[in-house]
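Take a look at the structure below.
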Amino acid sequence: MRKAMISISVGLVLIGLCAEPLAACTSYLITKGATKDGSTMITYVADSHIRYGELYYSPGGPQVKGSFYQCYDRGSHKPLARIPNPPLTYTVIGYMNEKQVAIGETTFGGRKELDDKNGLIDYGSLMFLAMQRARTAREAISVIVDLVDTYGYFGAGESFSIADPNEAWIMEIVGKGSNKNNKLNKGALWVAIRIPDGTVSAHANQARITHFPKENGKTSISSHNMKRFGDPDIEVVYAHDVISFARDKGFYKGSDEEFSFSDVYAPVDFGGARFCESRVWSMFKKVNSEMDQYEAYAMGKDLSRRMPLYVRPDRKLAVEDIIAFKRDYLQGTEYDMSRDIGAGPYGLPYRWRPLSWKYEGKTYFHERTTATQQTAFSYVAQLRNFLPDPIGGISWFGVDDTNTTVYIPMYAGMSKAPDTFAQGNGSILEYSDTSAFWAFNQLAHFAYLKYNTVLPDIQKIQKELETRMRDFSGAVDQAAYALYQKDPDKAKAFLTDFSVKMADDTVSKWKQLYRFLLVKYLDGNVKKEENGEFLLNEFNKYPQVEHPDLPDWWKKLIIKETGDKFLTPQTPH
């Protein structure tokens with residue numbers, strides 16, 4: 001019989017459960033020296049119980065004098081600052097702009113007293129404004145710093161992945177809380193570190209930057225010297241008061257050299273490890289053979305030895321590897337979500353919320369994995385310095401559950417979002433029959449009923465579509481490049497047509513697959529088929545139907561719970 005559901009009495013430690021429940025996301029950073037084709041890649045999984053899966057599109061170009069960007073808190077839609085537009089902005093498709101600058105995030109919360117509700121710009125607005133204004137990752141960081149210095153940072157602690165075709169950076173930021181007069185505190189407390197080329201990093205709702213080199217005039221600078229940030233030798237930059245503020249507040253008393261951002265502003269606890277760092281560990285474990293030593297930390301059993309911020313992978317990685325990592329539910333470990341009793345007889349690797357619950361005065365929990373049912377959208381941004389920006393940037397974009405979605409190439413040079421993925425086509429409260437989000441949700445929810453039975457059918461078509469699109473993209477790159485040499489606008493139109501067609505064809509295929517599987521698995525039966533054709537009986541009339549047996553461990557549980565209640569009486573011989 002399978003192992004019983006992992007549970008532990010954790011008392012009050014779950015109160016700060018890794019992050020705000022509406023912003024629980026997982027992000028990877030892959031430097032160009034760690035990839036097979038020399039591209040930089042970052043990912044973003046936008047997990048939320050209220051967020052809708054759609055592809056944002058913001059056209060760039062000259063801006064009307066006096067126009068502005070209206071900021072809203074991404075968690076509540078509270079209106080914040082109106083920020084004047086610059087004379088020129090860049091087009092943004094999803095979370096990547098036309099210059100191949102991409103951004104992802106995770107919320108880690110941090111000290112509650114620093115959750116500043118007087119600031120005027122939130123993390124979501126910082127991301128979009130940075131993409132509209134930045135040509136490089138370094139410029140995006142500078143934009144974020146300038147904005148919080150001017151308007152103050154609204155909200156809880158945040159980790160950003162910020163990348164371009166040459167570099168990948170992780171930036172962690174917290175607010176300064178309310179002052180005595182409950183007025184705006186300008187600025188924020190932050191550190192940004194360039195991930196060394198040839199390595200990979202990740203973050204998942206727990207601050208990960210600990211110790212970092214302080215200002216040395218060579219590779220590390222404070223915000224007092226932002227003018228030097230363009231120097232390629234600079235690998236670390238941080239708010240000038242990130243340490244002094246902690247001392248003034250009584251958060252820290254040690255030396256500058258011993259200061260650790262996470263340990264001071266977002267200390268890791270059981271929840272931060274088990275529900276957040278475990279996702280990082282699981283990804284690191286897939287690329288580096290030495291990660292078993294951090295299992296006790298990642299599982300919240302020993303917090304004394306933290307994982308490194310980045311690791312060097314044992315092999316070069318490709319887009320398909322990164323996509324596979326996003327479909328992780330701790331497979332291959334004793335914590336595999338499909339193998340405890342909570343998975344039921346059909347191996348469902350998801351648990352409906354709440355994530356923790358109480359029984360007889362004790363608190364128990366389910367694992368929190370990268371793949372989860374409440375994903376709104378996710379992407380892998382592939383950024384390539386060996387191609388012109390409109391062609392070099394691809395956002396492999398999917399909606400809903402990462403395990404049952406299909407990642408579609410959306411090029412940086414696109415002039416619009418596909419209608420099936422466009423903003424306004426349905427919402428989290430409005431079903432749309434032409435929406436990609438609802439098409440993928442429809443099939444995913446059907447699969448949740450008999451997961452390990454239905455999933456192989458989904459994975460077969462998923463693999464076919466993703467492999468085909470990856471194969472197509474190579475030829476599309478070449479054709480678009482040839483067009484670009486003659487007419488950049490025609491190249492962009494070509495890329496737009498390709499991405500729109502791939503999106504629309506995929507949604508159509510997914511709706512067709514749903515109809516087929518609904519028929520195949522109707523009422524818990526399984527109709528036999530070969531290559532998509534149902535097999536009929538000898539009279540060529542009715543389908544051949546099978547009834548898969550339940551696993552023995554499930555039968556034993558039923559017998560243990562009910563005794564002889566369902567035992568068939570034995571017939572005497």
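Each value in this text was obtained by applying a stated rule to the coordinates, not by laboratory testing. None of these values were measured; they are calculated from a predicted model. Here Cβ is always computed from backbone atoms with ideal geometry, including for glycine, and neighbour counts include all displayed protein chains.
Take the Cα of residue 560, step 7 Å toward its Cβ, do the same at residue 183, and the gap between the two points is 6.4 nm.
Pairs with C-alpha atoms separated by more than 30 Å, drawn from the list 218/253; 326/362; 99/326, are 326/362. Between residue 222 and residue 529, the modelled label-to-label distance comes to 6.5 nm, taking each label 7 Å out from Cα in the direction of the beta carbon. Counting neighbouring beta carbons within 10 Å and listing from fewest to most, the residues 471, 231, 504 come out as 471, 231, 504.
Provide 322, 391 in ascending order of the number of other Cβ atoms located within 10 Å of each residue's Cβ, fewest first. With the sparsest Cβ surroundings first, the list reads 322, 391.
Express the relative contact order of segment 523-573 as a whole percentage, based on alpha carbon pairs under 8 Å and six or more residues apart in sequence.
On the way: 30 pairs, mean separation 13.6, N = 51.
Once divided by the residue count of segment 523-573, the mean separation gives 27 percent.
The residue among 120, 212, 198 whose Cα reaches farthest toward the positive pole of the charge dipole of the chain, with charges on the beta-carbon of Lys, Arg, Asp and Glu, is 120.
Mind checking segment 304-404 for GluC sites (Glu not before Pro) that DSSP puts in a loop (not H, G, I, E or B) and that have at most 14 other Cβ atoms within 10 Å? If you can, show how the numbers build up before the last one.
Working: sites: 320, 334, 360, 367; in loops: 334, 360, 367.
Those satisfying the criteria are 334, 360.
Once the other residues with Cβ under 13 Å from the Cβ of residue 520 are scored (Lys, Arg +1; Asp, Glu -1), what is the net sum? Neighbour charge sum, excluding residue 520 itself: -1. In a reduced charge model with +1 at each Lys and Arg Cβ and -1 at each Asp and Glu Cβ, the chain shows a dipole moment near 660 debye about its Cα centre.
As a proxy for reagent exposure, ranking 234, 428, 162 by other Cβ atoms within 10 Å from fewest up yields 428, 234, 162.
Modelled spin-label separation between residue 522 and residue 550, with each label point placed 7 Å from Cα along the Cα-to-Cβ direction: 2.5 nm. When the chymotrypsin sites (Phe, Trp or Tyr not before Pro) in segment 340-377 are filtered for DSSP coil states and for at most 15 other beta-carbon atoms within 10 Å of their beta-carbon, the remaining sites are 352.
Do the alpha carbons of any pairs in 36/301; 301/460; 112/186; 463/528 sit beyond 27 Å of each other, and which pairs?
Among 36/301; 301/460; 112/186; 463/528, the Cα-Cα distance tops 27 Å for 36/301; 301/460.
Each Lys or Arg adds one and each Asp or Glu takes one away; over the other residues whose Cβ falls under 15 Å from the Cβ of residue 264, this sums to 0. Set against the labelled values (1) 25.2; (2) 23.8; (3) 27.1, Kirkwood radius over Cα pairs in Å computed from this structure falls on (1). Across the chain, C-alpha contacts under 8 Å between residues 6 or more apart give a mean separation that, scaled by the residue count, equals a relative contact order of 15 percent.
Among the GluC sites (Glu not before Pro) in segment 109-215, none sits in a DSSP loop with a Cβ that has at most 10 other Cβ atoms within 10 Å. A Förster distance of 35 Å, applied to the separation of the beta-carbon atoms of residue 334 and residue 197, puts the FRET efficiency at 0.50.
Near residue 160: Cβ cut-off under 10 Å, other residues only, Lys/Arg at +1 and Asp/Glu at -1. The net charge is -3.
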